[in-house]
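First comes the structure, then the notes that go with it.
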Ligand code: MRU
């Protein structure tokens with residue numbers, strides 16, 4: 001078995017939260033301290049950290065940091081509601097943020113109702129955030145184990161955005177499957193969409209693959225169809241920011257186009273995500289809030305103008321891939337190979353989710 005190096009995007013040292021600044025990668029690896037919940041909220045909004053599972057984990061730590069602040073400043077614990085709202089109002093699409101914050105809020109409410117001391121509450125909240133982080137890591141390893149079986153011995157896999165260690169607690173979801181397949185000894189070549197405009201693919205995924213020594217090529221987002229037509233791709237694997245009850249998937253803008261291309265070329269299209277990414281309260285993709293980011297992200301690259309100032313730009317950050325374009329969803333509990341409401345409901349129910 002090949003050895004995969006451990007890569008983690010956050011650390012907590014002596015009760016202080018640090019994150020690896022993803023705006024600076026791959027040029028520099030800089031750890032930033034986030035000592036207030038306002039700093040945590042800004043880091044999520046500005047994409048210093050990003051990726052659905054990591055947004056949830058950092059959001060959870062952010063809540064613990066916020067409650068610690070309230071306690072240290074001698075304020076009333078009822079202020080925790082404002083902390084929760086600030087963190088919720090950072091990025092709208094990834095459901096993992098709301099899932100993790102709801103879990104933290106329940107823990108907080110229970111501790112308050114049990115008359116725990118402020119110090120006990122603070123401790124409990126950091127512990128819960130750390131549990132969310134650890135659970136995510138184990139889920140990723142499990143997704144990798146299930147998913148790698150789906151990849152052929154000689155796999156030419158196309159992936160979009162960054163779904164690796166940097167988007168999670170470590171290992172990754174879609175990129176975790178690739179890591180696991182490589183670890184198993186499969187002959188893998190990864191085609192990495194550069195993923196305009198934030199360049200999660202060329203800056204982050206390629207950085208992770210280089211770090212591990214996994215063979216890969218960065219490609220422009222518009223190359224996918226041509227490569228598929230040439231027979232260079234035999235699987236597409238992506239992550240998810242939210243999966244609705246009927247199996248529609250919100251993921252990085254460009255994912256939908258890839259799914260259409262994969263269907264046209266008879267190439268399997270896999271989505272890898274932990275069960276915390278399912279949003280069963282939302283019926284289908286059209287109801288998912290899609291984040292729109294600033295025009296500047298498109299019109300500037302590395303601080304340089306790449307478009308006329310006078311031209312407006314549209315920057316939808318995510319799109320929706322219909323369930324009918326998805327071959328299978330790989331979760332930590334197993335694989336959903338018929339992606340529709342009925343099979344999703346049964347799968348989650350029988351696995352106790
Ligand atoms: O805008 P981002 O970088 O947060 O978007 C990330 C993605 O779209 C990922 O594919 C998704 O969050 C899954 S990460 C395991």
For this session: Please work out if residue 160 is surrounded by fewer than 16 Cβ atoms within 10 Å (Cβ to Cβ), within 16 Å of the ligand (Cβ to nearest atom) and under 24 Å from residue 19 (Cα atoms).
Result: no
Seminar exercise, completed: All-but-one check, residue 91 against (1) in contact with a helix residue (DSSP H, G or I) (Cβ under 7 Å, 6 or more places away or on another chain); (2) assigned to a helix (DSSP H, G or I); (3) not assigned by TED's automatic domain parsing to the domain that holds residue 236, failing number (2)
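Right, residue 70: more than 16 Å from the ligand (Cβ to nearest atom), in a helix (DSSP H, G or I), modelled with pLDDT of 95 or more and not assigned by TED's automatic domain parsing to the domain that holds residue 297 or not?
yes
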Seminar exercise, completed: By my count, helices (runs of 4 or more DSSP H) wholly in segment 174-260 with at least 2 residues that are within 11 Å of the ligand (Cβ to nearest atom) are 174-183
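For segment 131-157, give me each residue that is in a helix (DSSP H, G or I), touching a strand residue (DSSP E or B) at 6+ places or on another chain (Cβ under 7 Å) and away from the ligand (no atom under 12 Å from the Cβ).
Of all residues in segment 131-157, those in a helix (DSSP H, G or I) come to 131-148.
Cutting the leftovers down to touching a strand residue (DSSP E or B) at 6+ places or on another chain (Cβ under 7 Å) gives us 140, 143, 146-147.
Once the filter is applied, which keeps residues that are in a helix (DSSP H, G or I), touching a strand residue (DSSP E or B) at 6+ places or on another chain (Cβ under 7 Å) and away from the ligand (no atom under 12 Å from the Cβ), segment 131-157 yields 146, 147.
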Problem set entry | Test result for residue 19, part of a strand (DSSP E or B), within 16 Å of the ligand (Cβ to nearest atom) and modelled with pLDDT of 95 or more | yes
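Considering only segment 278-305, state which residues are within 23 Å of residue 199 (Cβ to Cβ) and either in contact (Cβ under 8 Å) with a residue 24 or more places away in the chain or in contact with a strand residue (DSSP E or B) (Cβ under 6 Å, 6 or more places away or on another chain) (or both). Step through it out loud before you land on a result.
Step one: filter segment 278-305 for residues within 23 Å of residue 199 (Cβ to Cβ), giving 290-305.
Within segment 278-305, 290, 291, 292, 293, 297, 298, 301 qualify.
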For this session: Scan segment 314-343 for residues that are surrounded by fewer than 13 Cβ atoms within 10 Å (Cβ to Cβ) and either more than 18 Å from residue 277 (Cα to Cα) or assigned by TED's automatic domain parsing to the domain that holds residue 51 (or both) and report the count.
Result: 3
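For residue 297, indicate whether it is part of a helix (DSSP H, G or I), out of contact with any helix residue (DSSP H, G or I) (no Cβ under 7 Å at 6 or more places or on another chain) and surrounded by fewer than 21 Cβ atoms within 10 Å (Cβ to Cβ). Steps first, please.
Working: part of a helix (DSSP H, G or I): yes; out of contact with any helix residue (DSSP H, G or I) (no Cβ under 7 Å at 6 or more places or on another chain): yes; surrounded by fewer than 21 Cβ atoms within 10 Å (Cβ to Cβ): yes.
Yes: the conditions hold for residue 297.
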Problem set entry | Set 179, 203: member being under 27 Å from residue 292 (Cα atoms) and crowded, with 20+ Cβ neighbours inside 10 Å | 203
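Which of the following residues is on the phi > 0 side of the Ramachandran plot and crowded, with 21+ Cβ neighbours inside 10 Å: 247, 213, 239? First the steps, then the outcome.
On the way: 213 fails: crowded, with 21+ Cβ neighbours inside 10 Å; 239 fails: on the phi > 0 side of the Ramachandran plot.
One residue alone meets the criteria, 247.
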For this session: Give just the number: which of (1) loosely packed, with under 15 Cβ neighbours inside 10 Å; (2) in contact with a helix residue (DSSP H, G or I) (Cβ under 8 Å, 6 or more places away or on another chain) does residue 50 not satisfy?
Result: (1)
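I'd like to verify a number: residues in segment 5-47 that are in contact with a strand residue (DSSP E or B) (Cβ under 7 Å, 6 or more places away or on another chain), in contact (Cβ under 8 Å) with a residue 24 or more places away in the chain and more than 19 Å from residue 126 (Cβ to Cβ), how many? Lay out the reasoning, then the answer.
Pass one, segment 5-47, residues in contact with a strand residue (DSSP E or B) (Cβ under 7 Å, 6 or more places away or on another chain): 9-11, 16-21, 29, 31-35, 40, 43.
Applying the additional criterion that residues be in contact (Cβ under 8 Å) with a residue 24 or more places away in the chain yields 9-10, 17, 19-21, 34-35, 40, 43.
Going one step further and asking which of them are more than 19 Å from residue 126 (Cβ to Cβ), we end up with 20-21.
Residues in segment 5-47 being in contact with a strand residue (DSSP E or B) (Cβ under 7 Å, 6 or more places away or on another chain), in contact (Cβ under 8 Å) with a residue 24 or more places away in the chain and more than 19 Å from residue 126 (Cβ to Cβ): 2 in total.
The values are calculated or read from the model by the stated rules, or taken from the named source; none is laboratory data. Computed from a prediction, not measured in an experiment: that's the story for all the values here. Ideal geometry is used to build each Cβ from the backbone, glycine not excepted, and the neighbour counts take in all protein chains shown.
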